[in-house]
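Here, each number is a calculation from the coordinates, and none is a lab measurement. Note that this is a predicted model, so its numbers are computed, not measured. Every residue, glycine as well, gets a Cβ built from its backbone with ideal geometry; the counts of neighbours run over all protein chains shown.
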Amino acid sequence: MAEESAPRAESDTVTVLLVDDHPMFLDGLCGVFLPPDGFRVVGVATTGAEALALSVSAVPQVVVLDLGLPDTSGVEVTRRLLADRPDVRVLVLSMSDDDDNVLAAMRAGAHGYLVKGADREEILAAMRTVARGGAVFSPRIAARLQAFFGSLAAAPGQQAFPGLTPRELEILDLIASGLDYRQIARRLTISDKTVRNHVSSIFAKLQVNDRAQAIVRARNAGLGT
């Protein structure tokens, strides 16, 4: 007769706090993390304030959170949570895979980033990696980050415009290459409005009044070639 496997010790179970402002999504997510798989949900939160409070009272080891919370951004929650509890591991699970959001989450200290729609096994695998002290990103995000940072390493405007964010520098380079705002939006898979918001910020930082002046500045710095 085969021996039964020993039950997982309570101390081996990773405690989890779930943070998302959609109750139905939270309900589904609770079913992903079960003690037999090595995880136990110790709290759920629908706002940033609740998440910060529960991170202290429920003492989770891993926090899974969305970036789009009603009272504050998930990026700010990550930053404040890790400032108070640097031992906690944070896995972002968001609808957005925009480069700006991914980079902001990384800068805030997130240890992983998955896009909603990931299946149960992918989420569990990511949680195990994060809980062990590793970092994990979905394959699509990892590939984009590699390409993104590779392009920055070769970007001639990095030193010329230190005040620009990586995304703003990327957009300025595309403007200098002759692309219009709609073409830039399609190239970067972001909205026209997002492009225009970035362009407004670029113009302010470069102290230029229009696209033509920005192109001159950018090309003098070696962009758009």
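With a Förster radius of 22 Å applied to the beta-carbon distance between MET95 and ARG196, the computed FRET efficiency rounds to 0.50. Its residue count N fixes a reference of 2.2 N^0.38 Å for the chain, and the Cα radius of gyration divided by that reference is 1.22. Charge tally for HIS111 (other residues, Cβ to Cβ under 11 Å; Lys, Arg +1; Asp, Glu -1): +2. Per DSSP H run of n ≥ 4, the term is -39500 (n - 2.57); total these for the chain, divide by its residue number, and report the mean residue ellipticity at 222 nm rounded to 500 deg cm²/dmol. Computed mean residue ellipticity for the chain: -15000 deg cm²/dmol.
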